[in-house]
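The values are calculated or read from the model by the stated rules, or taken from the named source; none is laboratory data. Bear in mind the structure is a predicted one, so any value in this text is a computation, not a measurement. Here the Cβ positions follow ideal geometry from the backbone for every residue, glycine too, while neighbour counts run over all protein chains shown.
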Amino acid sequence: MGVSFNAAALLNGNGIDVKSVVTAILTPETGSLTIWQNQQTDLSTQAGLLTGLNNNLTSLAATVLSLANPTGPLASQSATSTDSSILTASADPSATAGIHEIVVSNLATIGTVYTNPLTDGNTSFLTNPATSGNITLQVGGVSGSSHSIAITAGSNDTLTTLANYINTQKWGVTASVVTDAGGARLALYSQSSGTPGALAITSNTTALAFNTPVGGSNAALTIDGVPFSSATNTVTGAIAGVTLNLASAAPGATVEVSVGPDATQATSAINSFVDAYNAVIGILNTQFTVDPTTNTEGPLAGDSTLRSLQSSLLNDVTYSISGNSGLVNLAALGIDMNNDGTLTVNQTATDTHPSLANVLATNPSAVQTFFTNVSSTGFANNFNNDLFSLTDPTNGIINLDLAGNTAQQTALTTQINNLQDRLTAQQTALTLQFDQVNATLEAYPSLLLEVTSEIGALNGNYNVSNTTTNTTPTTGSSTG
C-alpha cells in the first residue's frame, strides 16, 4: 500500500510518526495473522467437541458390549428369600428358575474353649514344685490335628504368655486373656466354623482347669426336604448356581427362595444403553440444528465425518432379527424411536404398544436372544461390531478426525509463529529505517538555514532569519 505525507508539514521540521507509518506498512500481513488465529480458535473449539463426542461414543460402546455379553446383566438371575432374618440368597447366570423350600435347623459355629478364672493373667499357673507341664489341644474334631503345648516356667506359664505362644503357632486358633469381675481366663477361639473349627483339650498336666468346649458344629438345613450340612453359613452347591447366606436358626419355619431372571439388572443395562445412545445422537443433532438467533449450525456442521457417524448409528439402531417370538427390533421391546432419532423406553403397555417391563416379565429369554445369541447375530452383537471399529484408538472415525484436526492446528501454529517472527524482524528494520528518515526531516530546517546563510553570505546579505517552526510530527496518513 502507499503512504502519503503533507510535504509542507515535513519541510518545516515536524518529521513523521514512525510507529504509525510502520504499522500502516505491516497491516496487510497482520490481517493474514488474524485470519489464521481465528482458524486456530475454530479448530480448538471443534477439537473439544470431537473429544466430548468420542468420550460419549466410547461410553455407548461399553453399554452395548454389556448387552452383548452372554453372561452379562441380561443373563443375570436373582434369588429372593421370604424371610431375610433367617437367610438371604443370590444367584449367578447358571441358576435355574424355580422355588425352593428351606428349613434352617442350626447355624455353623466356631469352636471355643476357656479356663476357669485365675487371680490375674500374669501369675504362673504351675503349682510347686512343678516347673513344667503339657497341654494337648485338638483342632478339627476327632479327625483333626493335635498340638502338644509344652509349658515351661518363666516362658509360657502365665495366661498372657501362653496366649502369646499359641497365637504365634498358626494353628487356626486365636487365644486371648479375658478379665472380668471373676478374674482372668484364657479363651481359645477357632478361626474356622463347623467341624473344622471344633476345639478340644485332650490332655492337661497343669493346674489350669478347662471348661467343656462348645461350638464347632456344622450348619444343618433341609432344602426341599433333602438334608444338607455345611461347615460355614455360606452354603454353595446345594442349589445349582445359588448361594445361601444363613442368618439364624429357625427349625420350625420354612423359608421360600425364588430363583428367576433379574429384571432389575436387565432394565438397568438397557436404560444405560438408551441414555448413552441418546447422548451421542443429542450431540450430533446439536451440530446440525440451525440456531434461529444466529441462523447458523454448530461448529461441526460442515464435518462430513459426523454425517457418516450419524448414518451408521441410525442404521445400527434400526437393526432387526427374525422370529424370536416377535421380539425382532427395539420397538417390539417397548423402546421407541423419536422424530429426532433419540430413543424412549416405553413405561406403559397398551394393546399395540408394549412396555419394556412387561416384555421382560413375560419373555426374558427372548429379550436376551434379541440382544445376543450363540450365532452372534443379535442386535447388540451387530452394534458392538460397528462400535468396535468406530471407537478404534487409531482408525476410529472420530479419532481420525481428531488426528486431522491436530495436524491442522500444528501447521497453523507453525505458520503463525513464522509470520510473527517475520513481522517482528520487518518491524525492527522498518522502525530503524524510518527513524533515520525522521531524523533527517527534523534536521531539514537547520540545514536549510545553514545553506541559506551561506548563500546570503556569498551575496553580501548577512541578515538571514529562521522562519521555520519545528512542531510535533504530523502522523503520516496511509493511502490504499
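What the table below lists for this structure:
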| read-out | value |
| --- | --- |
| Single condition Phe228 does not satisfy, out of (1) outside any strand (DSSP E or B); (2) of a type in the set (A, V, I, L, M, F, W, C); (3) not assigned by TED's automatic domain parsing to the domain that holds Asn128 | (1) |
| In the stretch 202-261, the residues that are farther than 23 Å from Ala79 by Cβ and among the aromatic types (Phe, Trp, Tyr) | Phe210 |
| Thr293 being modelled with pLDDT under 95, in a loop (DSSP other than H, G, I, E, B) and of a type in the set (Ser, Thr, Tyr) | yes |
| Pick from the stretch 348-372, criterion assigned to a loop (DSSP other than H, G, I, E, B) and in contact (Cβ under 8 Å) with a residue 12 or more places away in the chain, ranking: nearest to Leu60 (Cα to Cα) | Thr372 |
| Members of the stretch 145-201 that are of a type in the set (Lys, Arg) and either outside the structural domain of Gly121 (by TED's automatic domain parsing) or surrounded by fewer than 17 Cβ atoms within 10 Å (Cβ to Cβ) (or both) | Lys170 |
| Tally of residues being of a type outside the set (Phe, Trp, Tyr) and either without any contact (Cβ under 8 Å) to a residue 24 or more places away in the chain or farther than 30 Å from Asn405 by Cβ (or both) across the stretch 307-345 | 26 |
| Options Ser217, Ser192, Ser176, Ser203: the member that is out of contact with any Phe, Trp or Tyr (no Cβ under 7 Å at 6 or more places or on another chain), part of a strand (DSSP E or B) and within 30 Å of Ile102 (Cβ to Cβ) | Ser192 |
| Top-ranked residue in the stretch 113-144 [being buried (at least 18 other Cβ atoms within 10 Å of the Cβ) and of a type in the set (S, T, N, Q); ranked as farthest from Arg185 (Cα to Cα)] | Gln138 |
| Hits in the stretch 90-112 (condition: surrounded by fewer than 20 Cβ atoms within 10 Å (Cβ to Cβ) and of a type outside the set (A, V, I, L, M, F, W, C)) | Ser90, Asp92, Pro93, Ser94, Thr96, Gly98, His100, Glu101, Ser105, Asn106, Thr109, Thr112 |
| In the stretch 156-191, the residues that are in contact (Cβ under 8 Å) with a residue 60 or more places away in the chain and of a type in the set (Phe, Trp, Tyr) | Tyr189 |
| Any hit, the stretch 297-305, residues being in contact with a strand residue (DSSP E or B) (Cβ under 6 Å, 6 or more places away or on another chain), outside any helix (DSSP H, G or I) and under 30 Å from Asn338 (Cβ atoms) | no |
| Subset of the stretch 357-415 [more than 30 Å from Leu74 (Cα to Cα) and aromatic (Phe, Trp, Tyr)] | none |
| Which listed residue is among the hydrophobic types (A, V, I, L, M, F, W, C) and either touching a Phe, Trp or Tyr at 6+ places or on another chain (Cβ under 7 Å) or surrounded by 14 or more Cβ atoms within 10 Å (Cβ to Cβ) (or both), from Leu412, Leu400 | Leu412 |
| Pro261 vs. criteria over 29 Å from Asn55 (Cβ atoms), out of contact with any His (no Cβ under 9 Å at 6 or more places or on another chain) and surrounded by 19 or more Cβ atoms within 10 Å (Cβ to Cβ) | yes |
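For (1) modelled with pLDDT under 95; (2) polar (S, T, N, Q), each residue gets a yes or a no:
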residue: Asp180; (1), (2): yes, no
residue: Arg185; (1), (2): no, no
residue: Ala200; (1), (2): no, no
residue: Thr205; (1), (2): no, yes
residue: Asn211; (1), (2): no, yes
residue: Asp224; (1), (2): no, no
residue: Thr234; (1), (2): no, yes
